[in-house]
């Protein structure tokens, strides 16, 4: 009795898997900047002291990185203070928020600007359960972006998918 070779039908199929995690920026590219140390007693912004602290701060660690600016205290920080910080980072991408929320914002930006032409008329699987960093908004944005062009859209893994849409 001759054995039949094992055939990987998933690899031979026309399915294209997109991993939503691929849209997340590398966390090593992100650096957090908490404004709390720039404030008087961590709670009060005194303009002169704030400007001095911002001017004396070593900005070199932020070069060519994504800077996530936030204030960890309940201080009232005026909008101009964030503008002043951004003015010190002209060559960097600057976002308001902590690294996790900024990472999600960036992934949404990347999805909205992605070229969908390679997926026209294709069967697409959005990889599921891959990473806890990928939130529901990422899946919503990918669905909105891909739906107009794909033949079918599924969620999960090639061996076990949940159908979402079929043209």
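Among the residues making up the stretch 136-167, those that are part of a helix (DSSP H, G or I) and surrounded by 13 or more Cβ atoms within 10 Å (Cβ to Cβ) are 137, 138, 139, 141, 142, 143, 145, 146. Only one of the numbered conditions (1) closer than 29 Å to residue 21 by Cβ; (2) modelled with pLDDT under 95 is not met by residue 76, and that is (1). Strands (runs of 3 or more DSSP E) fully within the stretch 1-116 that include at least 3 residues being touching a residue at least 24 places away in the same chain (Cβ under 8 Å), surrounded by 15 or more Cβ atoms within 10 Å (Cβ to Cβ) and not assigned by TED's automatic domain parsing to the domain that holds residue 136: 30-34, 66-70, 93-96. Filter the stretch 118-135 down to residues that are within 17 Å of residue 163 (Cα to Cα) and surrounded by fewer than 12 Cβ atoms within 10 Å (Cβ to Cβ) and give me whichever is modelled with the lowest pLDDT. My answer is 129.
Restricted to the stretch 54-70, and to residues there that are modelled with pLDDT of 95 or more and in contact with a helix residue (DSSP H, G or I) (Cβ under 6 Å, 6 or more places away or on another chain), the residue that is farthest from residue 26 (Cα to Cα) is 54.
The values are calculated or read from the model by the stated rules, or taken from the named source; none is laboratory data. For clarity, every value in this text was computed on a predicted model and none was experimentally measured. Please note: Cβ atoms are built from the backbone with ideal geometry, for glycine as well, and neighbour counts cover all protein chains shown.
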